[in-house]
Amino acid sequence: MTSDKMKKITDTVWEIPRSFKNGMRVPARIYATEKLLNAMEEGVFEQITNVATLPGIVEFAICMPDGHYGYGFPIGGVAAFDSVEGIISPGGIGFDINCGMRLVNTSLSYEEVKPMLEKLVDKLFYRIPAGVGGKGMLSLSKTEFCTMVEDGMNWCLKKGYAYEDDLRHTEENGCMKGADASVLSKEAIERGLSQVGSLGSGNHYLEIQVAKPENIFDRELAEKLGITMPNQILIMIHTGSRGFGHQVASDYLKSFLSYAQKEGINLRDRELAYAPFQSKEGQRYFSAMQCAVNMAFVNRQLVLHRIREVFSEVFGKDPSDLGLNLIYDITHNTAKLERHTIDGREKELVIHRKGATRAFAPGMGGIPYKYRKTGQPVIIGGSMETGSYLLVGMESGREAFYTTAHGSGRRIGRRKAKKAFKGKDILSYLKNKGVYVRAVSMSGLAEEVGEAYKNIDQVAEATELAGLSRRVVKLIPIGNIKG
């Protein structure tokens, strides 16, 4: 579907009317420049208009600038459902529940890190588990695992794996309160037991980055977010709930399909299987999903704990002397209860964000006090070749339920990338560009080649032009670990 077949609201907002498809309850909106819009797969428009048919949806079914074809919802899909009359759908959250981003500050400059870069990356590679099916840093009993998924990062604090500031600078303070391990299957618990503290595979990574002065868009905002020196080193972590979250999603998709059959619900797309949010089935899934959200917060926290250990060993200093402080941790695969104003009235909504990031504006609750004047930090991850962005939320993001993009978004599929590129060639190419990469799998590395992704600069710019999030700094990779 090209731009001439849609209603142009602004240069970066496009609307597909309810008349486009029988059963649409609300219009669908795409946030993108015309260039990004015309490059989206046809399946994106099919999926987002299917989302617009779901019961209880309010305002719009929304797709972000990095949108691409997914399971049920497009990746980059956003939908808000009335908490009383609406539904909850695993296809609107994703299999890797709370796949998310974490950005860590340092007091180190590129000049200080460059001589130690390969040693740092090698040590991190050997000390942080990564890869398909890889085991994590911890091996927990079933009882301890269940306690952990209910307590989230509070568990890390009690065990000595976190600082109090880590919790303050994590979305939801690192714990969704409704998590209940009693609704988890034995299979989900078994899959999660040994994966706590690991990077996983696919597009997950740990990256050492530099904030070059010429890549800072707003110096005052950058300083308020902790970027205060030229060529400052930062560390980005991208991982989620691993096989545990996948099993939770699989379990409840099966449950919701049975529910649909029992209740005589005619599903337009089986991948959009749902249950009413207030139903027993809906509430059980919501609690299980929150367990997976909490597991992912803990997962990223343990990776940060190990990073602090490795940096301390390499530089011979205490982590506190290296400024290894968490800027923010955000999630981009969740459903959350939030209050938003609809038709002049405040309503409680179940906001589904799949491959999309919450981006609260300055002054809003739910973000750390430190960032009340700046707006919520937003992390949009790019490929290991192109760089990533730190942004902040904007008041003009209201119509998108204060949501923005989550990454650059895939342009070509994994199979096609593996056929077209070789991991060894990519390693060599990146090293010549000044990026030292360690990877568990060469074929996995080929899947993540820069050419497989959309232009991160265009995506980040589109979010700003659309009023979803404001660019603060582009972060350039110098070291990367891939699962």
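Annotations for the structure displayed:
- Where a residue in region 332-360 is closer than 16 Å to PHE60 by Cβ and in contact (Cβ under 8 Å) with a residue 40 or more places away in the chain and its partner, wherever it lies, is among the β-branched types (Val, Ile, Thr) and surrounded by fewer than 24 Cβ atoms within 10 Å (Cβ to Cβ), with Cβ under 6 Å and at least six apart: GLU338/ILE351; ILE342/VAL58
- Restricted to region 458-483, and to residues there that are under 24 Å from LYS418 (Cα atoms) and not hydrophobic (A, V, I, L, M, F, W, C), the residue that is modelled with the lowest pLDDT is GLY483.
- Meets criteria (over 19 Å from the mean Cα position of the chain (by Cα), at pLDDT 80 or above and among the acidic types (Asp, Glu)) for GLU451: yes
- Test: residue in region 96-103 that is polar (S, T, N, Q) and surrounded by fewer than 23 Cβ atoms within 10 Å (Cβ to Cβ): no
- Number of residues in region 38-67 that are assigned to a helix (DSSP H, G or I), closer than 21 Å to ILE87 by Cβ and of a type in the set (D, E, K, R): the value is 1.
- Only a single criterion out of (1) touching a helix residue (DSSP H, G or I) at 6+ places or on another chain (Cβ under 7 Å); (2) within 27 Å of LYS280 (Cα to Cα); (3) surrounded by fewer than 24 Cβ atoms within 10 Å (Cβ to Cβ) is not satisfied by TYR69, namely (2).
- First in region 394-413 and touching a residue at least 24 places away in the same chain (Cβ under 8 Å) and crowded, with 17+ Cβ neighbours inside 10 Å, second anywhere and part of a loop (DSSP other than H, G, I, E, B) and hydroxyl-bearing (Ser, Thr, Tyr), Cβ under 8 Å, 6 or more apart: SER408/SER383; SER408/THR386
- Residue check for GLN290: within 25 Å of the chain's Cα centre (by Cα), within 27 Å of THR147 (Cα to Cα) and without any contact (Cβ under 8 Å) to a residue 40 or more places away in the chain: no
- Of the residues examined, GLY200 is not one that is small (Gly, Ala, Ser), in contact (Cβ under 8 Å) with a residue 60 or more places away in the chain and assigned to a helix (DSSP H, G or I).
- Qualifying residue in region 366-377 (condition: part of a strand (DSSP E or B), within 19 Å of the chain's Cα centre (by Cα) and surrounded by 24 or more Cβ atoms within 10 Å (Cβ to Cβ)): yes
The values are calculated or read from the model by the stated rules, or taken from the named source; none is laboratory data. Quick caveat, the model's predicted, so the values are computed rather than measured. FYI the Cβ positions are ideal-geometry reconstructions off the backbone, even for glycines, and counts take in every protein chain you see.
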